[in-house]
Amino acid sequence: DAGVTQTPRHEVAEKGQTIILKCEPVSGHNDLFWYRQTKIQGLELLSYFRSKSLMEDGGAFKDRFKAEMLNSSFSTLKIQPTEPKDSAVYLCASSLTTNTGQLYFGEGSKLTVL
Amino acid sequence: GQQVQQSPTSLVLQEGENAELQCNFSTSLNSMQWFYQRPGGSLISVFYNPSGTKQSGRLTSTTVIKERRSSLHISSSQITDSGTYLCAMEPSSGQKLVFGQGTILKVYL
């Protein structure tokens with residue numbers, strides 16, 4: 001079984017650009033999460049989908065971050081416009097259900113904003 | 001305050017020594033998980049441990065829900081155990097997983 005697949009693995013953007021990160025969850029999983037990981041803040045939840053419905057949009061990240069899940073096997077995270085402080089590793093994770101399941105993470109997309 | 005407190009923040013061991021990592025939670029929880037992350041790598045679930053003790057090879061996780069704590073014991077540590085260990089809890093309030101800041105483990109020869 002394929003795990004969580006994220007693309008691209010690395011992205012370099014100029015300040016002000018729009019970038020789109022992609023994620024394919026584990027087949028059959030109902031819950032999908034987007035996290036941002038930095039050394040200072042650790043793991044921060046950006047968005048959470050259950051059965052394709054957006055359940056949580058990460059509060060402070062609403063402004064320039066938009067996650068979408070058009071079908072059960074594909075999600076995108078758009079950052080527009082990018083700022084240098086957005087440089088981080090963006091991790092996508094999925095689980096069968098939130099209350100009973102393990103969380104499976106992708107390899108992450110490392111974003112550098114110049 | 002932080003809902004998940006991990007200790008120690010970092011740990012240096014000689015190969016063969018044992019390690020004990022702790023997680024304490026400030027709120028009641030339904031379940032918790034331990035993750036391992038190699039430098040530059042992604043998170044791998046090590047234990048999904050709602051309660052009790054679970055063992056996998058040299059790793060043992062013990063979670064006591066009522067006392068809001070969990071521990072991860074690594075016996076006979078190896079160089080390949082080096083990395084960051086994170087715990088995460090699912091609060092009873094229904095929030096999503098809350099992660100600790102992690103314990104950075106370095107094992108040397």
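Please treat every number below as a calculation from the coordinates, not as lab data. Note that the coordinates shown come from a computational prediction; the quantities given were computed from them, not determined experimentally. Glycine gets a Cβ as well: all are built from the backbone with ideal geometry, and neighbour counts include every protein chain shown.
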Under the definition of partner shielding as Cβ atoms of other protein chains within 10 Å of a residue Cβ, what is the mean value for peptide A:33-46?
3
Taking 8 Å as the Cα distance limit and 6 or more residues as the minimum spacing, I'd like the relative contact order of the range A:9-82 as a percentage.
37 percent
Could you name the lysines in cross-link range of A:K85, using Cα to Cα under 24 Å and dropping any fewer than eight places away on the same chain?
A:K15, A:K22, A:K39, A:K62, A:K66, A:K110
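Would you work out the relative contact order for chain B, in percent, from Cα pairs under 8 angstrom that are 6 or more residues apart? Mind showing how you got there, number by number?
Details: 289 pairs, mean separation 40.9, N = 109.
Value for chain B: 38 percent.
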Rounded to the nearest 5, what % of DSSP beta bridges with both residues in chain A are antiparallel?
90 percent
Eligible aspartates and glutamates near B:K66 by straight Cα distance, threshold 17 Å, same-chain separation 8 or greater:
B:E90
Among residues other than A:A13 whose Cβ falls under 11 Å from its Cβ, what is the net charge (Lys/Arg +1, Asp/Glu -1)?
-3
Shielding by partners - mean other protein chain Cβ count within 10 Å, residues of B:80-89
1
Excluding B:E15 itself, calculate the net charge of residues whose Cβ lies under 15 Å from the Cβ of B:E15, where each Lys or Arg counts +1 and each Asp or Glu counts -1.
0
Going by C-beta contacts inside 10 Å, put A:L111, A:L54, B:L11 in order with the fewest on the left.
A:L54, B:L11, A:L111
Trypsin sites (Lys or Arg not before Pro) lying in DSSP loop within the range B:16-100, provided at most 13 other Cβ fall within 10 Å:
B:K66
